[in-house]
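J.: Okay, handing you the structure first.
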Amino acid sequence: MNFDFTTCESIRMSQSVDKTGLRTLAVVTKADRSPDGLLEKVTADDVSIGLGYVCVRNRIGDESYEEARVEEQKLFESHALLSKIDKSIVGIPVLAQKLVHVQAMIISKTLPDIVKKINDKLDNSLKELEVLPANLSSSADAMSAFMQIVSLSRDSLRKILLTGDFEEYPDESQMHCTARLVDMLNSYASELQNCPESNATRDFLKDEIKVLEEAKFISLPNFMPRTAFRTLLQRKVRGISHMPTNFVDSVWSYMETVVISVLNRHSANYYQLQVSTRRAAEHLIAKKKKSSLQHVIKVLEMENHTDYTCNPEYLQEYNKLMSEREEFLEEVLDDDNIIFKMNLKGVGGINFYHLRNYDINVLSQAFDLKARLIAYWKIVLRRLIDVIALHLMLSINELVNVDLQKEICNEVGGSIESLLEESPSISGKREKLSRSVKVLRESKETVAKIMDSIGVYGDK
């Protein structure tokens, strides 16, 4: 063997991966072949061997392992030069012990990370097992699980639909239902207030004059025919009748999405139950929508049938408008007026060129009719918004607190156990997680024993 350690090929190879030499253990083989200077070499350590040297004698010919160890022991005890080398760095048994020690140290550094990974995976598996539905073994268990799902669903709906608590859906704006319902109501109100029927300045007095001409009857002069007011009012109501029905339809379509989403979340582990609860929700929402549409039709029929209000704002608005009638008539009939525009308080800017050729009595009566319509239409719009909003909120409240549970129970009937049977995917997942937990616990115990044995070995 070449004992010039600085030029030894194996030393150079080790230095390429361990530049400091701290992780290198040098094994001097065939020490019996070249004993001269070996003591000085391993003592001087010219090449920085961090884990030290071990000198060994290789087996010769057909020697058995036991025979080789006996000869090795004799060699390092009796050889004139080799016997001087410290017994702690000679022999295969010493090498084996050092290798075991090195391996133990390496393992001991990696074990904490292994233990952490095992613990993390075990915790995750246990958590997944915990969230899986209980394996129902009796009718009582099935009924209890069913009632809990219904109760949790109702509690969630009560929060997001009635109290405005959306903690269960912090990042899902579509499930912040009280806010979304207000948005829908505001949009409906805006549509009503900005529709052509609510525009009091368009073709100012034109419709009123035409209706008054057709509603004339033999009577005292300037006597306001009620049929003229009713005709224009009914025309306006017919013109906006699609808006409340569209609003109600959109609200219940939104409600269907919300209710089904909540039911699906709470019955996620039972596919057959999901199907049944979805069907129940669809049936219930359809009935609610039909009831609301019937209510809207009744409200519109009431507005068509009778013109009445006890709201004092009607007379206040009417009197305010009538206070400007004289000024309006003067502007219209002034032959020197070339602007043909005027701003009426509470109405806005109007053009009146088309009114120049009408008689003052016609204009006066038409203005009176217009003032009544403007004042009363505000009351009608407010009723169409408030009454329908109150009806919807009552219907939603009944849905959450009474109707939903009843509808689901009617849909499910006596088949609760079959609806709550564990699906193959859930049972497969449960079995897989159980096996994983078992293996991880066994691994944890094994690693703990290894760490204990390393600790005992280190103490020695």
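J.: Using Cα-only point scatterers and the Debye equation, what is log10 of I(q)/I(0) for the range 160-316 at each q in 0.09, 0.14 Å⁻¹, rounded to two decimals?
T.: Values returned for q = 0.09, 0.14 Å⁻¹ are -0.49, -0.88.
J.: Mind computing the radius of gyration and Dmax over the alpha-carbon atoms of the chain? Å is fine for both.
T.: Rg, Dmax (Cα atoms, Å): 47.5, 152.
J.: What number in nm² do you get for the range 288-446 if you take the convex hull of its Cα atoms and divide its surface by four? Don't skip to the answer; put the middle values down first.
T.: Values: hull surface 85.7 nm².
Across all orientations, the range 288-446 yields a mean hull projection of 21.4 nm².
J.: Give the aspartates and glutamates whose C-alpha is closer than 19 Å to that of residue 432, dropping any in the same chain fewer than 8 places away, or say none.
T.: 120, 123, 128, 130, 421, 422, 442
J.: Let me check against my output: what whole-number percent is the relative contact order of the chain, with C-alpha pairs under 8 Å and at least 6 apart?
T.: Working: 391 pairs, mean separation 86.7, N = 460.
Rounded, it is 19 percent for the chain.
J.: So for the range 344-399, considering every pair of alpha-carbon atoms, how many percent are separated by more than 13 Å?
T.: Numbers: 1127 of 1540 pairs.
When every Cα pair of the range 344-399 is considered, 73 percent fall beyond 13 Å.
J.: Let me ask something else. Simple spin-label model, 7 Å along Cα-to-Cβ: residue 119 to residue 218 in nm?
T.: According to this spin-label approximation, the distance is 10.6 nm.
J.: At 37 °C and 0.692 mPa s, what whole-number value in µm²/s does Stokes-Einstein give for the translational diffusion of the range 6-122, with Rh from the Kirkwood sum over Cα pairs? Can you show the working numbers first?
T.: Details: Rh = 16.2 Å.
The Stokes-Einstein estimate is 203 µm²/s.
J.: Residue 206 to residue 187: extension gain in nm, 0.36 nm per residue of separation minus the Cα-Cα distance? Can you show the working numbers first?
T.: On the way: separation 19, 0.36 × 19 = 6.84 nm, distance 2.96 nm.
Stretched out fully, the residue 206 to residue 187 stretch lengthens by 3.9 nm.
J.: Please compute the net charge surrounding residue 95, taking Lys and Arg as +1 and Asp and Glu as -1 over other residues with Cβ under 15 Å from its Cβ. Walk me through the intermediate numbers first.
T.: Values: positive: 30, 57, 59, 69, 87, 98; negative: 72, 86.
The answer is +4.
J.: How big is the Kirkwood radius of the range 232-348, worked out from every pair of different alpha carbons and given in Å to one decimal?
T.: Numbers: mean 1/r = 0.0519 Å⁻¹.
Across the range 232-348, the inverse of the average 1/r is 19.3 Å.
J.: What is the range 274-360's relative contact order, in percent, from Cα pairs under 8 angstrom and six or more apart in sequence?
T.: On the way: 31 pairs, mean separation 14.5, N = 87.
Taking the mean separation of contacting Cα pairs over the length of the range 274-360, I get 17 percent.
J.: What's log10 of I(q)/I(0) for the range 56-122 at q = 0.17 Å⁻¹, Debye sum over Cα points only, no solvent?
T.: Normalising to I(0) and taking log10 leaves -0.69.
J.: Another one. With respect to the cross-link table entries 210/378; 341/370; 159/378; 289/406, which display a Cα-Cα separation exceeding 27 Å? Mind showing how you got there, number by number?
T.: On the way: 210/378 23 Å; 341/370 17 Å; 159/378 34 Å; 289/406 17 Å.
Result: 159/378 exceed 27 Å.
J.: Just add up the charged neighbours of residue 238: K/R +1, D/E -1, any other residue whose Cβ is under 15 Å from the Cβ of residue 238. Display every interim value, and only then the final one.
T.: Values: positive: 230, 235, 236; negative: 197, 207, 301, 303, 307.
That works out to -2.
J.: Something else: Please give the calculated 222 nm ellipticity per residue for the chain, where each DSSP H segment of at least 4 residues contributes -39500 (n - 2.57) and the sum is spread over every residue; nearest 500 deg cm²/dmol? Provide the component values of the computation, followed by the final result.
T.: Numbers: 16 runs with 299 residues, N = 460.
Helix-only estimate at 222 nm: -22000 deg cm²/dmol.
J.: Can you work out the base-10 log of I(q)/I(0) for the range 136-237 at q = 0.11, 0.14, 0.19, 0.20 1/Å, using the Debye formula on its C-alpha atoms alone?
T.: -0.64, -0.75, -0.98, -1.02
J.: Follow-up. Applying 1/(1 + (r/R0)^6) with R0 = 41 Å to the Cβ-Cβ distance of residue 34 and residue 105, what FRET efficiency is obtained, to the nearest 0.05?
T.: My answer for the efficiency is 0.85.
J.: How many percent of DSSP beta bridges within the chain run antiparallel, rounded to 5? Please list the in-between numbers first.
T.: Values: 4 of 8 bridges.
Of those bridges, close to 50 percent are antiparallel.
Bear in mind that the values in this text are calculations on the coordinates, not laboratory data. All values derive from a computational prediction rather than experimental measurement. Virtual Cβ from ideal backbone geometry, glycine too; neighbours counted across all protein chains shown.
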